[in-house]
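Reviewing the structure listed below.
The values are calculated or read from the model by the stated rules, or taken from the named source; none is laboratory data. Remember, predicted model here, so these are calculated numbers, not experimental data. Cβ placement follows ideal geometry from the backbone for every residue including glycine, while neighbour counts extend to all protein chains displayed.
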Amino acid sequence: MCFFREKKGKSGRSFQPSWYTRFRWLEYSAAKDAAFCFPCRLFASSSSYARGGGVPRDTPDEAYISKGFNSWKKALEKKKGFPKHEETFCHRHAVEAYRKFMQEKPLPQQVDEHHDRVMTAKQVAVVRNRTTVGHLFSLVRLLARLNLPFRGHDEGWNLATGVFSAR
Ligand SMILES: [Zn+2]
């Protein structure tokens, strides 16, 4: 969460809300008086590097993930501040992962669709079972009405000898 409340650092500088416009990934913690990177906090993990080609090209930038960046004086410096973080492999990878995540269907919708598929398969089974049981009841009624046994006189292993065939 990014709640801004101006705090002056030791250098007399503070986080500038205008930075949000230029660096859309930026988030600010008033409690820690530090800046973080939203995509990196969510998607920069060692496992995500493995998918990117096996060997991590650089490690997650902890300053923007857990420690927080608060060198406000250097914030806009190309080789030390936000621009530097933007150029790191881990950041670009995290931003791409975040973009893909946002393009996917929302999780509740995925769960609903999965639920629908499961229900459909279940409903098919229920209908099939009801149909089979319905046929069996019809057969039993017919045999009862005609006063016929289920099986013939031969009680051997051949199931096809009676009126009721197991086929
Ligand atoms: Zn980042």
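When 100, 80 are checked against the criterion of being at pLDDT below 95 and either within 13 Å of the ligand (Cβ to nearest atom) or assigned to a loop (DSSP other than H, G, I, E, B) (or both), a single residue qualifies: 80.
Checking each residue in region 57-90 for being among the polar types (S, T, N, Q) and more than 34 Å from the chain's Cα centre (by Cα) picks out only 71. Annotation: of all residues in region 94-121 being touching a residue at least 12 places away in the same chain (Cβ under 8 Å) and farther than 21 Å from residue 19 by Cα, the one that is surrounded by the most Cβ atoms within 10 Å (Cβ to Cβ) is 97.
Given the structure, is residue 39 within 16 Å of the ligand (Cβ to nearest atom) and at pLDDT below 85? Here the answer is no, as residue 39 does not meet what is asked.
Can you confirm whether residue 91 is in contact with a strand residue (DSSP E or B) (Cβ under 7 Å, 6 or more places away or on another chain), in contact (Cβ under 8 Å) with a residue 60 or more places away in the chain, part of a helix (DSSP H, G or I) and within 13 Å of the ligand (Cβ to nearest atom)? So residue 91 fits the description; yes.
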